[in-house]
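The values are calculated or read from the model by the stated rules, or taken from the named source; none is laboratory data. Please read all numbers here as calculations on a predicted model, not as lab measurements. Here the Cβ is made from the backbone with ideal geometry for all residues, glycine too, and neighbour counts use every protein chain on show. Only protein heavy atoms, including side chains, enter the accessible area calculation; ligands, DNA and RNA are left aside. Shrake-Rupley method; radii C 1.70, N 1.55, O 1.52, S 1.80 Å.
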Amino acid sequence: MFFEVSGELFRLLLKTDEGVWAISYDTPTAPVFLSYSAFDACKKVPAPINYGASKPLTEAQERRLRLIAPLLENTHCITDNAARRETAVHTAAQNRTTARRVLRLYYMYLAKGTVGGEREGAGRPDPEKYSDFKWAIETFYFSAKRMPLRMAYDLMLTQRYMKGGKLDQNAPTWDSFRHYYYGRGFHRRIRKSITREGLSNYQRNQRLLTGSAMAWKDRIGAFQMDATEADIYLVSRFDRSAVIGRPYIYLAVDVATQLIAGVYVGLKSGEEAVMACLANAAGDKVQFCRKYGIEIQPEQWPNTGLPGEIITDQGREFMGSRIDELCKIYGMEREALPPFRPDCKGLVEKAFDLIQQKYKPLLRGKGVIEPDAQERWAVDYRSQAILDLEEFRRIVLHCVIHINSSRVLSGFAPTAEMAADNVEPIPARLWQWYDWMGRSDMIPINDGEIYQMTLKRTQARLTRKGVAHEGLYYLSDNYIQLLQKYGTKKDVTIGFDTDCIDRIYLIDGGEYISLPLAASCTHYHGLSEQEYGMFRKKSRQYKRLLHQQEAEAGAGVMQAISEIVERAGRTQKGRQNGDAIRQNRGEERRKQS
């Protein structure tokens, strides 16, 4: 027997002397008790159409029915919650399942007379609707708009199953649409990633990885180059209370060996920084490290010379006129990679990670920027800065030397020749082996020549005090000949190193004439261009303050003089000659004594 209570359908299970026990047909849960008065007031209704329909049980349904048999055999389980719970726990333990599952099947059987049949009204969608599912997924979900799957389903209903403002009764359910999506593997298709996230994202993060980056080249002399802004704030070495921001790191990494061939750490970016990195790659590393108080052996950082090829992204600093000039003069090749594809130069990107992983743990709380830098209440990492640029350079150089001379390349597959020669999978050792085997595209070059080409160019003026540049004067022993050749107040082209203002180079028809600081400016010796700029700015501010104080003091003097004059007053005096003035002067002296 079935009856309704407030619109909910119930099935009668058991009658007792006090009342009846029933269970909800719509949402099967634990049986409930109703008094006879409440039961008689309920509306009696016929059994649902599908209730009691005789269908052969499947093997799974038979297993479920056997699972709840102890509960069905004991009628006390309907009225006694404790007995029902105890029986379910015991049955679940014997069958290696959960009491919750046993009770759920028990309630379902009491209410519907089935143990896992299909829900009323449910069923597999018409196969003809599968074409609509596929159309909706490919049209709406596989789109750069990145709409949710549910929105794609809703749009499908709107365009295919809405008639006269009402939804077709035979419209497929959301569950069937979602089951089709996952069952047919649309969530794993490459097209999903490409259409929703873009081809670049797929190529960077999801494409198949075949081969090895090092296997790209079988000769040394092809450098991947890139730049990054270090995750640390620095202070000025001239004024430790002044934070100068984050330095740039430029690297040149050899493809065949993963050797960090060149490095630049500084405050400038652009073509000058790229040229400085190449100059470091071309120069003697022993002498370079010695400038920073680091002693190394040549085999720890063995490369010299310019690369035969540089591999970069399409950043302006790598595509400018200075690099064009260098490539033309020395026959270097340049390969420009597609934009937004850092995976194409993964070796140099990995080198940045290795360097920063080395120093960041030791410099936390000393200016290093943590991942929470943009979050609310994050620490102001600028206030923690303690290192100046030269100190940070020394730290980076130590990291580079370690990576080049000690890092073991995991996953490196040596060739048969390397295995026969027992070559260690360390960048510096691999470089030496390639060099010894003559497999090199390096271009020999003089250190001074590449250094001069890396200098920043600008215009300066010849004066009688020397070549004037940024408020500084530069003189040489043969400066008088330059004045005779060009004359004063003449603009000339100079090259200068932004890392050191000690000298400039006057460029005269391809010749570089060295001009050191004039004696009047030697107190700026050793400063970089930025440090000198900071000093000059601070000096101007200080002079401005002094001039203001001078003006205030001068105004005070004028005010005091005016007050004295006003107090003195004015008296009538007749014409007096020299004798009278001398007599008055003598009288004044006697009175003062």
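Scan region 312-337 for residues that are under 15 Å from ASP226 (Cβ atoms), of a type outside the set (A, V, I, L, M) and in contact (Cβ under 8 Å) with a residue 40 or more places away in the chain and jot them down.
THR312, ASP313, GLY315, ARG316, GLU317, PHE318
Quick grid of which residues meet (1) out of contact with any His (no Cβ under 7 Å at 6 or more places or on another chain); (2) touching a residue at least 40 places away in the same chain (Cβ under 8 Å); (3) among the β-branched types (Val, Ile, Thr):
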| position | (1), (2), (3) |
| --- | --- |
| TYR473 | yes, yes, no |
| ASP477 | yes, no, no |
| ILE480 | yes, no, yes |
| LEU483 | yes, no, no |
| GLY487 | yes, no, no |
| LYS490 | yes, no, no |
| ILE504 | no, yes, yes |
| ASP508 | yes, no, no |
| LEU515 | yes, yes, no |
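Can you tell me which residue within region 298-320, out of those that are part of a loop (DSSP other than H, G, I, E, B) and within 30 Å of the chain's Cα centre (by Cα), is surrounded by the fewest Cβ atoms within 10 Å (Cβ to Cβ)? Show your work before the answer.
Within region 298-320, the subset part of a loop (DSSP other than H, G, I, E, B) is 301-305, 307-308, 313-315, 319-320.
With the extra rule that they be within 30 Å of the chain's Cα centre (by Cα), the set shrinks to 301, 307, 313-315, 319-320.
Numbers: TRP301: 25, PRO307: 29, ASP313: 21, GLN314: 12, GLY315: 16, MET319: 14, GLY320: 15.
That would be GLN314.
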* **Qualifying residues in region 482-498 (those that are closer than 27 Å to LYS537 by Cβ and either polar (S, T, N, Q) or assigned to a strand (DSSP E or B) (or both)) - the one nearest to the chain's Cα centre (by Cα)** => THR498
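Let's see how each residue does on (1) basic (Lys, Arg); (2) at pLDDT below 85; (3) over 28 Å from GLU62 (Cβ atoms):
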position	(1), (2), (3)
LEU103	no, no, no
VAL115	no, yes, no
ASP132	no, no, yes
PRO148	no, no, yes
TYR153	no, no, yes
GLY164	no, yes, yes
GLU197	no, yes, yes
ARG204	yes, yes, yes
THR210	no, yes, yes
* Structure fact -> Residues in region 134-182 that are within 19 Å of SER193 (Cβ to Cβ), open to solvent by less than 20 Å² (accessible area, probe 1.4 Å) and part of a loop (DSSP other than H, G, I, E, B) total 1
* Mind listing whichever residues of region 51-72 are open to solvent by 80 Å² or more (accessible area, probe 1.4 Å), out of contact with any helix residue (DSSP H, G or I) (no Cβ under 8 Å at 6 or more places or on another chain), of a type outside the set (Gly, Ala, Ser) and modelled with pLDDT under 85? => LYS55, PRO56, GLU59
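Can you tell me how many residues within region 321-342 are open to solvent by 30 Å² or more (accessible area, probe 1.4 Å) and either charged (D, E, K, R) or in a loop (DSSP other than H, G, I, E, B) (or both)?
Restricting attention to region 321-342, the residues satisfying the condition of being open to solvent by 30 Å² or more (accessible area, probe 1.4 Å) are 321, 324-325, 328-331, 333-336, 338-342.
Of the ones still in play, those that are also either charged (D, E, K, R) or in a loop (DSSP other than H, G, I, E, B) (or both) are 324-325, 328, 331, 333-335, 338-341.
Total meeting the criteria: 11.
For residues in region 369-426 being of a type in the set (Lys, Arg) and farther than 21 Å from VAL253 by Cα, which is least open to solvent (accessible area, probe 1.4 Å)? Before you say what the answer is, go through the steps one by one.
Narrowing region 369-426 to residues of a type in the set (Lys, Arg): 376, 382, 393-394, 407.
Applying the additional criterion that residues be farther than 21 Å from VAL253 by Cα yields 376, 382.
On the way: ARG376: 197, ARG382: 128 Å².
Per the stated criteria, the residue is ARG382.
Within region 361-377, can one find any residue that is part of a helix (DSSP H, G or I), under 20 Å from ALA281 (Cβ atoms) and at pLDDT 90 or above?
Looking only at region 361-377, we keep the residues that are part of a helix (DSSP H, G or I), and these are 361-362, 371-374.
Remaining after also requiring under 20 Å from ALA281 (Cβ atoms): none.
No, the conditions are met nowhere in region 361-377.
Just to be sure before I move on: is GLU295 part of a strand (DSSP E or B), open to solvent by 10 Å² or more (accessible area, probe 1.4 Å) and without any contact (Cβ under 8 Å) to a residue 40 or more places away in the chain in the structure I sent?
Numbers: part of a strand (DSSP E or B): no; open to solvent by 10 Å² or more (accessible area, probe 1.4 Å): yes; without any contact (Cβ under 8 Å) to a residue 40 or more places away in the chain: yes.
Considered against the rule, which asks whether it is part of a strand (DSSP E or B), open to solvent by 10 Å² or more (accessible area, probe 1.4 Å) and without any contact (Cβ under 8 Å) to a residue 40 or more places away in the chain, GLU295 comes out as no.
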* Right, LEU462: within 19 Å of LYS268 (Cα to Cα) and open to solvent by less than 20 Å² (accessible area, probe 1.4 Å) or not? -> no
* Structure fact -> Residues in region 517-528 that are open to solvent by less than 60 Å² (accessible area, probe 1.4 Å) and free of Cβ contacts under 8 Å to residues at least 60 places away in the same chain total 5
* To do: Please enumerate the residues belonging to region 466-483 that are out of contact with any Cys (no Cβ under 9 Å at 6 or more places or on another chain), modelled with pLDDT under 90 and open to solvent by 40 Å² or more (accessible area, probe 1.4 Å).
  => GLU470, ASP477, ASN478, ILE480, GLN481
* Asked: Mind checking which residues of region 223-253 are over 29 Å from ASP372 (Cβ atoms) and assigned to a strand (DSSP E or B)?
  -> PHE223, GLN224, MET225, ALA252, VAL253
* Residues that are within 16 Å of ASP218 (Cβ to Cβ), among the polar types (S, T, N, Q) and at pLDDT below 90, drawn from region 409-448 -> THR415
* To do: State which residue is least open to solvent (accessible area, probe 1.4 Å) when the search covers only region 25-44 and only residues that are closer than 14 Å to SER6 by Cβ and not hydrophobic (A, V, I, L, M, F, W, C).
  => TYR25
* Does region 518-534 contain any residue that is of a type in the set (A, V, I, L, M, F, W, C) and in a loop (DSSP other than H, G, I, E, B)? -> yes
* Asked: Which one of LEU362, LEU259 is exposed (fewer than 14 other Cβ atoms within 10 Å of the Cβ) and aliphatic (A, V, I, L, M)?
  -> LEU362
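Among LYS538, LYS591, LYS573, LYS543, which is the only one that is of a type outside the set (Ser, Thr, Tyr), in contact (Cβ under 8 Å) with a residue 60 or more places away in the chain and open to solvent by 100 Å² or more (accessible area, probe 1.4 Å)?
Numbers: LYS591 fails: in contact (Cβ under 8 Å) with a residue 60 or more places away in the chain; LYS573 fails: in contact (Cβ under 8 Å) with a residue 60 or more places away in the chain; LYS543 fails: in contact (Cβ under 8 Å) with a residue 60 or more places away in the chain.
Answer to the check: LYS538.
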* Structure fact -> Just one listed residue, out of VAL243, VAL265, VAL286, is under 29 Å from ARG536 (Cβ atoms) and surrounded by fewer than 22 Cβ atoms within 10 Å (Cβ to Cβ), and it is VAL243
* Considering only region 452-481, state which residues are more than 25 Å from MET275 (Cβ to Cβ), part of a helix (DSSP H, G or I) and either under 42 Å from the mean Cα position of the chain (by Cα) or among the hydroxyl-bearing types (Ser, Thr, Tyr) (or both). => TYR479
* Asked: Residues in region 254-262: is at least one in contact with a Phe, Trp or Tyr (Cβ under 9 Å, 6 or more places away or on another chain), assigned to a loop (DSSP other than H, G, I, E, B) and β-branched (Val, Ile, Thr)?
  -> yes
